[in-house]
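Before any comments, here is the structure.
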Amino acid sequence: MLRIKRCILKKFVLGRQLNMNIRNRTVLLCFIVIAILSLALSCNEPQHESSETDGFAPMVMASEAKAVVNTEGMMRSPADRTSSGSPDSEQMVIKRASIQIIVEDVKDTIKNIEDAVVLLGGVVISSNASDNDTFGVSANLQIQVPAEHLTTLLDAIKFGAIRVPNESLNSNDVTEEYIDQKARLENLETTESQLSKLMGKAETIEDILSVQRELTLIRGQIESLAGRINYLETNVSMSTVQVTIYPEDSGKPITDPDWSINATIKNALRGLTDIGQFAMEALIWGGILLPVWGTVAALIIIGQRTIKKRRLRRQITIESSESIEN
């Protein structure tokens, strides 16, 4: 009996172990099948994406080129760069001066001015001298000098002059324009760099031509902006001076440089107005003081008449006395 129970128990345990082995093998087989399917899908996915990309490569490349060009407008605008710039940024001011001088010797003055320009680190751009019957020997000089030495040069020019009929100094603040141009140039250079990278990815002739066309447009804009920025920097660092030189005698203009027909007419009208004002003030004062003056005049007349009457009476009395005595 005991042996039978052991046999039954042994069969039950063996059957249970067999079932567990079968179950474990089934689960393991499922995991293997799932892993194989996942690996197959992951291998097929890149091929599918690459085939789609290859099919639409020309369209994507052209759209990317246009998108890169449009990034210039999406970047921070020059106005934002200007407003966010440091308040301590250097001010960009273009200075231009014009001066007329009358001297004893025009040639010596030209030599002295040229020497002063060289000492101050400037340059004489043009020098013209003329001799005619009206003005005699005169000269015109156009000079560029470092902006920090502009005042020194003007003082040196006026030092040997007998008279300075005209002198003017103009300043033009180009700080905002300069910052704006620099910001635009930076945006265009960034766009050019992105287009150059995109050029390396181009595979078809159509893509290459499209990117090259955009690069050509960007390069033209960059060169234009760079030229304008260079012009501003040069004119800010170097001030321009226009000098006109006349000799003392024949170099003077026929008319006084300060004379103006408009000014003469205004002065004549001003004189006439002054006369009218004086006459009007005299009438007003006379009208206001007339009672006083009338009273004084009446008193004077009455006094004179009283004195005459007294003299007449005295004379009549004297004559009467003389007649009585006789």
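Bear in mind these aren't lab numbers, they're just calculated from the coordinates by the rules spelled out. In this text, all values refer to a predicted model and were calculated from it rather than measured experimentally. With ideal geometry, Cβ positions are generated from the backbone for all residues, glycine too; neighbour counts draw on all protein chains shown.
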Cβ-based net charge around I101, under 10 Å, with every Lys or Arg adding one and every Asp or Glu removing one
+1
When the Debye formula is applied to the Cα atoms of the stretch 156-291, each taken as the same point scatterer, what base-10 log of I(q)/I(0) results at q = 0.13, 0.14, 0.16, 0.18 Å⁻¹?
-0.85, -0.89, -0.98, -1.07
Please state, as a whole number in µm²/s, the translational diffusion coefficient that the Stokes-Einstein equation yields for the stretch 104-148 at 10 °C and 1.306 mPa s, with Rh defined as the Kirkwood radius across alpha carbon pairs.
139 µm²/s
Computed from the beta carbon distance with a Förster radius of 22 Å, FRET efficiency for L209 and N230 to the nearest 0.05 stands at 0.10
So, in nm, how far is label D173 from label N267 when the simple model puts each one 7 Å beyond its Cα toward the Cβ?
3.8 nm
Counting Lys +1, Arg +1, Asp -1, Glu -1, what net charge surrounds I208 among other residues with beta carbon under 12 Å of its beta carbon?
-2
So what J values fall out for the stretch 146-160 if you push phi through Karplus, 6.51 cos²θ - 1.76 cosθ + 1.60 with θ = phi - 60°, rounded to Hz, Gly and Pro as x?
x, 4, 6, 10, 4, 4, 4, 5, 4, 5, 5, 5, 6, 4, x
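By how many nm would the segment from D274 to R96 grow when fully extended, if each residue of separation counts as 0.36 nm and the alpha-carbon distance is taken off?
My answer for the length gained is 60.0 nm.
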Along each principal axis, Cα extent of the stretch 110-219, largest first, Å
76, 30, 24
